[in-house]
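Before I ask anything, here is the structure I am working with.
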Amino acid sequence: MNKKLLYLLPILATLSSQAFANPAIYLWDNQEGLIPAAGCKISPSKSTPFKISNFTGWKSSNTENLRNYNGVRQSHLVNGSIIKSIDGKKKNNYEKVEVVGVNKNTNAHINRWFSQRLDQGYLFKKSILPIEDYILEVEHSNLPIEQRNIISKHNSSYWLAESQGSYYNLNCPGKNEGRDYTLFRVYKTLSEEETPSAFVGVYWDESKILADIRTTPISKLKLDLVDAETSYDLETLLSNDENQFVENEEILTSTEEFEREVIKNNEIEKAAGNNKDVSTIINKTTPIESKGSFEDVVCVPSNTLNVRNEDLNKVIFKSHTGEKVKKFQSFEPEEKEITLDGVVYTFIKVQFSEREEADQTIGWVASKYVQKKSDCKYLRSESDINVARDIEITGLDDPKCCEFPTVKTPTHSYTSGMRMFNARRGGGTRSHAACDLYRYKDEPILSVAPGVVLRDLYYFYQGTYALEVRHSGGFVVRYGEMTGKKESGVSNGKKVKMGQRVGYMGKVNSNCCRPMLHFELFKGTKSGSLSSQGNKFQRRSDLLDPTHYLQKWESGKF
């Protein structure tokens with residue numbers, strides 16, 4: 001028997017309860033505590049009532065003022081506190097809020113003039129930030145004593161609002177029908193390897209669990225929870241306990257080999273001393289996810305791959321090189337054969353877990369084009385990412401073009417919503433001339449190709465700056481909404497390399513949006529200012545839609 005399999009035997013008994021266990025999903029009730037989310041449905045939402053307060057002004061302060069309608073200061077609200085929007089008389093530039101939880105992670109000296117939970121008042125709109133920009137350390141003091149070890153054995157756990165592509169609500173039957181519970185991921189500890197121990201839905205008017213908290217901007221953490229998160233199919237977790245995702249990376253790398261061996265020799269089940277559990281696992285159809293260099297990705301030289309329906313007679317959407325997939329595993333392999341243009345292909349069922357589009361998450365692809373990330377020769381190695389390279393290209397269509405301009409994959413899709421090219425602006429009076437790539441403030445921005453700086457860092461929009469570069473082949477990029485921090489060696493007339501740092505990600509001072517790179521692309525066939533009147537984009541007439549190029553560069557990099 002394979003030595004790897006022998007090594008796995010002692011931990012087989014716990015596989016079904018740990019490695020294959022889904023994070024539990026709960027609702028929060030102020031009286032009963034955590035309640036299993038039985039029968040609940042999940043739905044995306046454009047907004048959440050929960051937000052974060054933070055002082056906005058020309059000087060620094062640990063607090064923001066909570067005022068009455070007439071503008072009279074009522075109390076000092078500690079930065080990083082959780083608030084919720086409530087109905088009230090409209091007031092220009094202000095929003096009526098109620099305090100949900102006061103941030104204890106502060107240097108402010110608390111006294112009787114400070115805001116407390118359930119206080120209401122008006123808060124300056126620019127001082128209200130998205131809750132997903134913060135990690136919440138939630139104390140367990142408000143949990144019933146018998147529940148305090150359910151999601152973590154520590155005295156607190158770390159919560160992050162579920163916001164991949166959109167917010168999410170739980171909608172549940174029975175006494176909770178009609179309520180929208182905002183969904184949070186819950187972590188036992190903060191680390192890159194940590195996966196959620198639970199999901200918890202919190203109703204806007206029943207939020208005592210968030211009363212005792214410490215909040216920290218994600219941008220200040222030395223880890224990236226968004227990239228580290230396991231991409232769970234939340235609808236599946238709620239409705240089908242047979243679809244369970246593996247969380248243990250060490251076990252997972254040998255899972256397929258282990259299952260094949262079980263099918264050949266059921267004596268392994270007996271040796272494990274846990275016949276029933278192992279049989280249950282082996283017979284389930286389970287999308288299995290690998291991580292890091294062991295994860296499965298689409299690997300095809302032409303960059304795009306057709307994804308077919310169950311009968312293999314129709315292409316339902318396309319995937320691209322580097323896109324992560326999860327193979328479905330079962331006792332009977334999920335495989336089918338089809339002849340295309342005289343060639344016999346074996347197709348397998350896979351899941352595209354990171355897609356926003358609900359109708360493009362599951363399909364069938366040719367198995368030869370699904371490989372381990374480390375084995376895909378069409379992807380760049382980890383050591384070659386975010387490294388300035390002395391390379392020349394002939395233009396946008398050169399196979400060597402180009403570098404994706406952020407150091408990690410964007411946190412939100414740039415192909416939908418207000419972030420996409422041609423999105424409406426100004427009430428429909430103009431169109432968005434760029435793709436907005438959301439990441440975190442002060443992260444490096446990279447040159448997409450070799451080139452020469454046309455216009456050095458200059459004021460652009462709402463407290464942010466921009467840089468213009470003419471790249472090899474003549475195309476021009478405006479790197480917009482960066483900070484005012486100047487990068488050494490990047491100035492008018494200077495050459496830049498592909499992947500060279502040219503600036504840092506900024507955030508507009510209106511607080512309308514997350515930190516981003518506003519990426520504009522021009523063909524380079526015209527001259528003069530990139531901003532001009534005369535078209536819906538208010539840009540020079542050689543403006544290009546950068547979406548296709550960014551997707552290509554992103555798949556090649558990540």
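The values are calculated or read from the model by the stated rules, or taken from the named source; none is laboratory data. For clarity, every value in this text was computed on a predicted model and none was experimentally measured. Backbone-built Cβ (ideal geometry, glycine too); neighbour counts: all protein chains shown. Note: areas computed on protein heavy atoms with side chains; ligands, DNA, RNA excluded. Shrake-Rupley method; radii C 1.70, N 1.55, O 1.52, S 1.80 Å.
Roughly how many whole Å is it from the C-alpha centroid of the stretch 510-544 to that of the stretch 106-183?
Here the two parts' Cα centres lie 39 Å apart.
Which net charge results when you count Lys and Arg as +1 and Asp and Glu as -1 among the other residues whose beta-carbon is under 13 Å from that of His76?
+1
Now for a different question. How much length is gained on full extension from Asp205 to Met418, taking 0.36 nm per residue of separation minus their Cα-Cα distance?
So the chain would gain 73.8 nm between Asp205 and Met418.
Might you tell me the accessible area per residue for the stretch 116-217, computed with a 1.4 Å probe and given in Å²? Each step should come with its number before you reach the end.
Working: 4170 Å² over 102 residues.
Here the residues of the stretch 116-217 average 41 Å² of exposed surface.
Taking a ≥ b ≥ c as the square roots of the Cα gyration tensor eigenvalues, with a/c under 1.5 meaning rounded and otherwise prolate when a/b beats b/c, else oblate, which class fits the stretch 447-558?
rounded
Give me the one-decimal nm value for the distance between modelled label points at Asp398 and Arg117, 7 Å along each residue's Cα-to-Cβ direction.
Taking the simple label geometry, Asp398 and Arg117 are separated by 6.0 nm.
Arrange the residues Lys220, Lys59, Lys372, Lys104 by how much accessible surface each exposes, largest first, with a 1.4 angstrom probe.
Accessible-area ranking of Lys220, Lys59, Lys372, Lys104, largest first: Lys220, Lys59, Lys104, Lys372.
What residues qualify as long-range amide H neighbours of Val300, i.e. H under 5 Å apart, gap of 5 or more or another chain, H built at 1.01 Å from N?
Under 5 Å from the amide H of Val300: Thr321, Gly322.
Here is a further query. Going down the table (Lys46/Lys126; Lys153/Lys208; Lys377/Lys557; Lys441/Lys486; Lys51/Lys326; Lys46/Lys84), which pairs top 22 Å between alpha carbons?
Lys51/Lys326
What nm value, rounded to one decimal, do you get for the distance between Thr429 and Tyr459 when each label is placed 7 Å out toward the C-beta?
2.1
Follow-up question, since we're still on this one. How much area per residue is accessible in the stretch 430-558 when the probe is 1.4 Å and only protein heavy atoms are counted (Å²)?
So the stretch 430-558 comes to 38 Å² accessible per residue, rounded to a whole number.
Still on this model: Figure the gain on full extension for Thr304 and Val344 (residue separation times 0.36 nm, minus the Cα-Cα span) and round it to one decimal in nm.
Between Thr304 and Val344, full extension yields an extra 12.5 nm.
Using the basic label-point model (7 angstrom from Cα toward the beta carbon), what is the Glu354 to Ser541 distance in nanometres?
4.0
Rounded to the nearest 0.05, what FRET efficiency is calculated for Ala108 and Asn492 with R0 set to 51 Å and r the Cβ-Cβ distance?
For R0 = 51 Å, the calculated efficiency reads 0.70.
Also: Two decimals is fine: what's Rg over Rh for the stretch 19-110, C-alpha atoms, Kirkwood radius as Rh? Kindly include the intermediate steps, with their values, before the conclusion.
Values: Rg = 17.8 Å, Rh = 16.4 Å.
Using only Cα positions, Rg/Rh for the stretch 19-110 is 1.09.
Of the heavy-atom accessible surface of the stretch 494-558 (probe 1.4 angstrom), what whole percent is carbon and sulfur?
Ligands and nucleic acids excluded, carbon and sulfur give 47 percent.
Follow-up question, since we're still on this one. For Cα pairs less than 8 Å apart in space and 6+ apart in sequence, what is the mean separation divided by the residue count of the stretch 72-150, i.e. the relative contact order in percent?
Worked out over the stretch 72-150, it gives 29 percent.
Determine the relative contact order of the stretch 120-219: mean sequence separation of Cα pairs under 8 Å and six or more apart, normalised by residue count, in whole percent.
Working: 155 pairs, mean separation 31.4, N = 100.
For the stretch 120-219, the relative contact order is 31 percent.
Taking all protein chains together and a probe of 1.4 Å, list Arg185, Arg389, Arg501 from the most accessible to the least accessible.
Final ranking, largest accessible area leading: Arg501, Arg389, Arg185.
Using a Förster distance of 51 Å, how high is the FRET efficiency between Ser156 and Ser374, based on the Cβ-Cβ distance and rounded to 0.05?
In this case the efficiency is close to 0.90.
Let me ask something additional. What shape does the stretch 84-128 have by the C-alpha gyration tensor, where a ≥ b ≥ c are the square roots of the eigenvalues, rounded means a/c under 1.5, and otherwise prolate means a/b greater than b/c and oblate the rest?
prolate
Around Ile445, which amide H atoms from residues at least 5 apart in sequence, or from another chain, sit under 5 Å from its own amide H, with H modelled in the peptide plane?
Excluding prolines and chain starts, which carry no amide H, the hits are Val502, Gly503, Tyr504, Met505.
While we're here: By the scheme Lys and Arg +1, Asp and Glu -1, what is the net charge of all other residues having a beta-carbon under 14 Å from that of Asn492?
For residues surrounding Asn492, the net value is +2.
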